[in-house]
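Below: one structure, written as structure tokens.
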Amino acid sequence: MSVEAWEDELVLKTYLLGPGDPLPHWERTGMSRIYPYPMQDDLTEEVRNVPYRALHLENEHLHAIVLPQLGGHLYSLYDKAARREVFYRNNVVKYGLVARRGAWISGGVEFNFPQGHTCLTVSPVAGVIAESPDAGLASIHLGGTDRVSRMRWSVRLSLAPEEARLRQDVMLHNPTPFRQRHYFWANSAVPAREDLHLVYPAKRCRTLGGEHPYPMQDGRDMSWYKNHERPNDIFALDVTEDFFGCYYEQADVGLVHWADHRENVGKKFFTWGTADEGMIWVDLLTDGDGQYVELQSGRFVDQSTFEFLRPYQCVRWSEYWYPLHGMGGFCWANDLAALNLKLDGHRAQLAAQANVPIGEADLVLDVDGREVWRSPQVLEPGRPVTEGVSLLFAPEEGSVVGLSVEVGEDEIIRYEHPPPYLREAPSGLDALPGWDGEGEPTEEDLDLAALALAEAASKTTRVDLPKEVLRSPDDPEVTAEEVCRHAVRAEKLDDREGARQLYARALERDPGFAAARVGLGVLALRRGDDDDAIEHLRQAVARDADCDQAWYYLGLAYWQTGEFPTAEDVWGRLLGRTDCRAEAGIEFARSLDPVALRDLLSDLPSSPTARFLWMASYRLEGTDAPDGLFLFGEQDPLAPELIAEEYLRALEEDDEEAAEDAWERLRDLLLDDPELWLELVFAYQRWVDPQDGAELLMRAAEEIGTVRRSPIVFYYLNILAAPDTGFDAERF
């Protein structure tokens, strides 16, 4: 069957949330910065049955439900084969004071950007359904703009015909001219039960108490939920595998998450613990659905690690979630299937389950590379295969036992026991078989050693890489570079004042240190002190003429002071370089004619900003825009500026029907939120034509009460209505 997608209402028992705090939360920097959002900490005991907008995807294996009004949570994923909820489903909306703004709900999957328990976690976000009839694929797109940072996120959840996996495509976009701190975590919840086994391919972890071995700590196996008495965050370290998940040993069901660890390294689980101090959260967050455990997938290693998104940068990656059952556990997984292998002397218990149609395949067992068993199977989604195998001899200590699925000459998935990350490199002496260490080894001994080492090379862990050495900024011997690295970390934690002080301390060590000058210049630009920024950035390029970041931000400072030709000269010099070419190209593009602009954009990394400029250039030129798929990939249906371009083009072509269709879609995306309308207007003011932005805002103010009542919208429209602007003041 093809994938069905539809929208309806889901009525949920809800403990009502009171109005937002009318007093602004003025914290300017740091983890708790939420302005311009209000706090949402007025929790009430008033209960009602509330209808929520629900977006559905369903194929023959899975049924997904997303609630855009509650932060875009994946509320439910139902496994038809096992007849169960894959995630923890909370059947009541009951807020607890957990999130950055206060109110938070448990259950399903929560999407967090640019930091945890985001400002939008229980607020409306945009959500649309998109279908691909040719492929039978259907998707739910959801996302929003974080008003604190003005950055955008979107998640596309997709089901394909005949597949028992949910695809999650993530897009993060920084549409601002400044570098911005961020992380992304997909926070899933699963029921907390005694038989819950947490499957994380790691030897070490980081917790609230520091770094520890994993899974064994003080004689306790911490991969079992029942062994966690106290609340704890557990982050897997040094991960080289792409999967993690959980399995309920008695219920015989589980969950796999898969993502390329080079793009998405974070693997975390969180528990409130089994003690009373954690169990109180059951009644605080639900009425009858019990306790949960969080399994989280993150862009970075832990939730104290932030990195910069560069100006106008857009990053994308894909992840998968899929259920398991009937396997007796799992120890390895990729994006197509999961495997389980249990060894007991000369007995091996095997299991495999595919999430896509594989069809006829061989299940193969080998010991030290020698095949010892093969069995033809048919692997289909939702149908686990299990086998018990008796080996002639039990594998020797140190042997590697492999389990694989083969289709013809192709290996679909392979697991080796012990896995590579658990193997220890043999010493040189151990690799000299037959030599007792006395006297000189013979030539035969050396030949055997060479063969043994070559074989061991494929079985050992990777070479340890250097660890960071970073002295305290208070160390009398600390260098300017080290102090500057502390400053960058403070900036990534949004401690701007702390970063400013540390950059200044770096200059005490070395007054011309370019990286510190760049840091101070960026902070000055962000607080509107363009003259101070220019001073620092000029000194940076005087010290290091190859510092492209200094040149880029110097151009930005000159642009903001009205020195447009100088800014263009600065950005133009970066177009033939690599480090800041993308952001400089975006800024430089607005000074070009439409044809030259498109030539430049075609040679820059794809981003919603680039696509917006590309589309607008055709409209301003009065020509039809070709399909931009070859340049930018699939169009983001949540990008308001692209829908606005459709609307403005339809107006210019007197196509009333197309204009009204685009207008309604634009309203759906912007949620009648005046701040989101202003973001769109400012994009037109910065990049295209202020009159286009005014046209959009004036119609929004005419038709949308929340927009019309906004003081900032009123202020902006009155500026536009000044006598020398040429705008029609009577419309407002």
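The values are calculated or read from the model by the stated rules, or taken from the named source; none is laboratory data. As the structure is a prediction and not an experimental result, all values here were calculated from the model. Cβ sites come from the backbone with ideal geometry, for glycine too, and all protein chains shown count toward neighbours.
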Options SER123, SER132; residue that is in the same structural domain as PRO19 (by TED's automatic domain parsing), surrounded by fewer than 23 Cβ atoms within 10 Å (Cβ to Cβ) and at pLDDT below 95: SER132
Leading residue by the ranking (nearest to ILE586 (Cα to Cα)) among those in region 163-196 that are aliphatic (A, V, I, L, M) and over 9 Å from the mean Cα position of the chain (by Cα): LEU166
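Do we have any residue at all in region 202-221 that's at positive phi and either part of a strand (DSSP E or B) or among the aromatic types (Phe, Trp, Tyr) (or both)?
Taking every residue of region 202-221 in turn, at least one turns out to be at positive phi and either part of a strand (DSSP E or B) or among the aromatic types (Phe, Trp, Tyr) (or both).
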Boolean, LEU208 is hydrophobic (A, V, I, L, M, F, W, C) and either closer than 25 Å to ALA337 by Cα or under 18 Å from the mean Cα position of the chain (by Cα) (or both): no
Boolean, ALA516 is over 29 Å from the mean Cα position of the chain (by Cα), closer than 26 Å to ARG33 by Cα and buried (at least 24 other Cβ atoms within 10 Å of the Cβ): yes
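Of the residues that make up region 551-567, is at least one of a type in the set (Val, Ile, Thr), assigned to a helix (DSSP H, G or I), at pLDDT below 95 and closer than 30 Å to VAL522 by Cβ?
Here is the first cut: in region 551-567, the residues of a type in the set (Val, Ile, Thr) are 561, 566.
Narrowing further to those that are assigned to a helix (DSSP H, G or I): 566.
Now restrict to residues that are at pLDDT below 95: none.
Among the residues of region 551-567, not one is of a type in the set (Val, Ile, Thr), assigned to a helix (DSSP H, G or I), at pLDDT below 95 and closer than 30 Å to VAL522 by Cβ, which makes the answer no.
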Checking GLU583 against (1) within 26 Å of LEU507 (Cβ to Cβ); (2) part of a helix (DSSP H, G or I); (3) of a type in the set (D, E, K, R); (4) free of Cβ contacts under 8 Å to residues at least 40 places away in the same chain, the condition it does not meet: (4)
Selection count, region 67-117, where residues are within 18 Å of VAL11 (Cβ to Cβ) and of a type in the set (A, V, I, L, M, F, W, C): 5
Per-region count, region 211-246, residues over 21 Å from the mean Cα position of the chain (by Cα) and among the charged types (D, E, K, R): 7
Residue among ASN355, ASN340, ASN334 that is over 21 Å from LEU62 (Cβ atoms), of a type outside the set (A, V, I, L, M, F, W, C), touching a residue at least 12 places away in the same chain (Cβ under 8 Å) and buried (at least 18 other Cβ atoms within 10 Å of the Cβ): ASN340
Which listed residue is at pLDDT below 95 and under 20 Å from PRO177 (Cβ atoms), from LEU631, LEU600: LEU600
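Which of the residues belonging to region 368-405 are touching a residue at least 40 places away in the same chain (Cβ under 8 Å) and closer than 21 Å to GLU162 by Cβ? Break it down stepwise before answering.
From region 368-405, those touching a residue at least 40 places away in the same chain (Cβ under 8 Å) are 379, 381-384, 386, 388-395, 400-401, 403-405; that's our starting set.
Passing the criteria: LEU379, PRO381, GLY382, ARG383, PRO384, VAL405.
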Filter pass, ASP546 being assigned to a loop (DSSP other than H, G, I, E, B) and within 30 Å of the chain's Cα centre (by Cα): no
